[in-house]
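Engineer: Here it is: the structure, laid out below.
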Ligand code: TYD
Ligand code: MG
């Protein structure tokens, strides 16, 4: 038998070191190494353990019979969309997010909805049963037949799940509170989080129930027990949003049973989370019209078109190195767009502070937002507002060329649905269907600058337009 050995795991980056030291060799973090008991891993373990030879594993063909996945729909449409159409029995899902963003609320609502069809257990290590009941009361799900427990000992939880008859869905809130007595380290350390989660996931796979693990995100933006949980589970969901805003976005960042680009949009209300069926209308609700530095981007999130306002602010800098601050978009791409505007369009932005914000707390990763970002920047720089009834999309290359993006038709259709009258789009657009929008096609960023400078977006007849 392999002898258990001690190793030291960095709480910051998760690297494993044979010896304790004050500073992690990999990431340089101080005081981050914590002891962990482990079996001897790879590298000589086979030889060292001696003993009986391994059993031969039977190899099978790739094209064998395919079992259709029986998914369990929670009835919360936005959650089902993000998980790829429902929960897969025996799968493990990790829900990460900032403390207070609404993870417990979402999962209690999901458990209550699921409990009408299957057996659900909700185990909280963070709240007492009374608190959970109060929350359920507030959410209007007091009568849902969910089995509640307040517990942190993995041994007790496992024993309960083993002996308590069949169960279909288990929520464990949160992994940071779990405690496995085989380890000396405190709850919340990488070692505890990893070992406790592994024990529960193994149990879920064996007994065939769905397990939801809640994980708080640390200041560094990683689920504590850095990354180590992400590969253990089948699905990783992030619950995001600004705490001051009511919007919450559920995003799949890994999914073995579905796509990873879908988002679910919720609104936090007095009575819990409400699904937002039409996110565009919500994201644009507080938009101020006719202010410089605002552009509406027609984006795609997963299979859905989502319209969102991009705001830019440009102010004289009092620093030697001007500030560039971005919320909701990639700062590297902002730098690129600024450089292209400077180098290819002659817009001087070197000595000003630039702030960019995606309104509503959404995070955009599509390159198709380039043109909308550029439009917001040009509008802010020139002090000329864009036409409030115009949407913008298109990718920008380093030469300043505007490139076509996928699913233009879907974007335009959504814009038309929300009452937009015109769109600034790439010159060679693909798949644009007949919509009642006036299109201004541009093939170079300089045309956009000229367009914003020339007029404030009033008369479309002055542009090279086309009725579709
Ligand atoms: P919670 O689900 O406890 O967050 P997490 O589990 O991610 O830490 O959400 C807590 C926040 O949500 C808290 O600030 C109060 C707010 N909230 C509402 O606004 N309405 C509600 O109905 C509930 C239950 C919570
Ligand atoms: Mg919570």
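Engineer: Treat each spin label as a single point 7 Å out from the Cα along the C-beta direction, and report the residue 58 to residue 443 distance in nm.
Structural biologist: So the two model labels end up 6.3 nm from each other.
Engineer: How much length, in nm to one decimal, is gained on full extension between residue 274 and residue 325, taken as 0.36 nm per residue of separation minus their Cα-Cα distance?
Structural biologist: 15.3 nm
Engineer: Something else about it: Can you give the FRET efficiency to the nearest 0.05 for residue 137 and residue 303, using r as the Cβ-Cβ distance and R₀ = 35 Å?
Structural biologist: For R0 = 35 Å, the calculated efficiency reads 0.45.
Engineer: What share of Cα pairs, in percent, lie more than 36 angstrom apart in the chain?
Structural biologist: The share of Cα pairs beyond 36 Å in the chain comes to 43 percent.
Engineer: Using alpha-carbon pairs under 8 Å, 6+ residues apart, how would you state the relative contact order of region 281-467 in percent?
Structural biologist: RCO, region 281-467: 23 percent.
Engineer: Got the relative contact order for region 77-277 handy, in percent, Cα pairs under 8 Å and 6 or more residues apart?
Structural biologist: The value is 31 percent.
Engineer: Taking the Cβ of each residue in 189, 5 as the centre, tally the other Cβ atoms inside 10 Å and list the residues starting with the fewest.
Structural biologist: Ranking 189, 5 by Cβ neighbours within 10 Å, fewest first, gives 5, 189.
Engineer: In nm, what is the difference between 0.36 nm times the number of residues separating residue 281 and residue 162 and their Cα-Cα distance?
Structural biologist: Gain on extension, residue 281 to residue 162, equals 38.2 nm.
Engineer: Quick one: P(r) of region 77-277 from all Cα-Cα pairs, 5 Å bins, percents rounded to integers, in order of increasing distance.
Structural biologist: In order of increasing distance, the bins hold 1, 8, 17, 21, 23, 18, 9, 3, 0, 0 percent.
Engineer: Which residues does a label at residue 29 reach in region 184-213, if reach means a backbone N under 17 Å from a point 7 Å past the Cα toward the Cβ?
Structural biologist: Answer for this model: 185-195.
Engineer: Still on this model: Mind sorting 168, 370 by how few other Cβ atoms lie within 10 Å of their own Cβ, fewest first?
Structural biologist: Exposure proxy ranking, most exposed first: 168, 370.
Engineer: Round to the nearest 10 and give me the degree value, 0 to 90, for the angle of helix 370-382's Cα axis relative to the longest principal axis of the chain.
Structural biologist: Helix 370-382 and the main axis of the chain meet at about 50 degrees.
Engineer: For a protection proxy built on the mean count of beta-carbon atoms within 10 angstrom, sort 392-404, 20-32, 332-344 highest first, please.
Structural biologist: Ranked by mean Cβ neighbours within 10 Å, highest first: 392-404, 332-344, 20-32.
Engineer: When the Cα centres of region 47-116 and region 232-259 are compared, how far apart do they sit, in Å?
Structural biologist: Answer, in whole Å: 14.
Engineer: Counting other C-beta atoms within 10 Å, which of 420, 319 has the fewest, and how do the rest follow?
Structural biologist: 319, 420
Engineer: How much length is gained on full extension from residue 339 to residue 198, taking 0.36 nm per residue of separation minus their Cα-Cα distance?
Structural biologist: Contour length minus the Cα-Cα distance gives 46.1 nm.
Engineer: Relative contact order of the chain: what whole-number percent is it, with Cα pairs under 8 angstrom and at least 6 residues apart?
Structural biologist: In percent, rounded to a whole number, it is 11.
Engineer: Give the shape of region 281-467 as rounded, prolate or oblate, defined through the alpha-carbon gyration tensor: a ≥ b ≥ c are the square roots of its eigenvalues, a/c under 1.5 means rounded, and otherwise the shape is prolate if a/b is larger than b/c and oblate if not.
Structural biologist: In terms of gyration-tensor shape, prolate.
Engineer: Relative to the first principal axis of the alpha-carbon coordinates of the chain, what is the inclination of helix 129-139, with its axis defined by its Cα atoms, in degrees from 0 to 90 and to the nearest 10?
Structural biologist: 30
Engineer: Follow-up. How far, in degrees from 0 to 90, does helix 154-163 lean away from the longest principal axis of the Cα atoms of the chain, to the nearest 10?
Structural biologist: 80
Engineer: By per-residue mean of other Cβ atoms within 10 Å, what is the highest-first order of 97-107, 347-357?
Structural biologist: Taking the mean over residues of other Cβ atoms within 10 Å, the ranking is 97-107, 347-357.
Engineer: Just from the alpha-carbon atoms, what are the Rg and Dmax of region 251-296 in angstroms?
Structural biologist: 15.0, 45
Here, each number is a calculation from the coordinates, and none is a lab measurement. Only a predicted model underlies this, so the values are computations on that prediction, with no experimental measurement involved. Please note: Cβ atoms are built from the backbone with ideal geometry, for glycine as well, and neighbour counts cover all protein chains shown.
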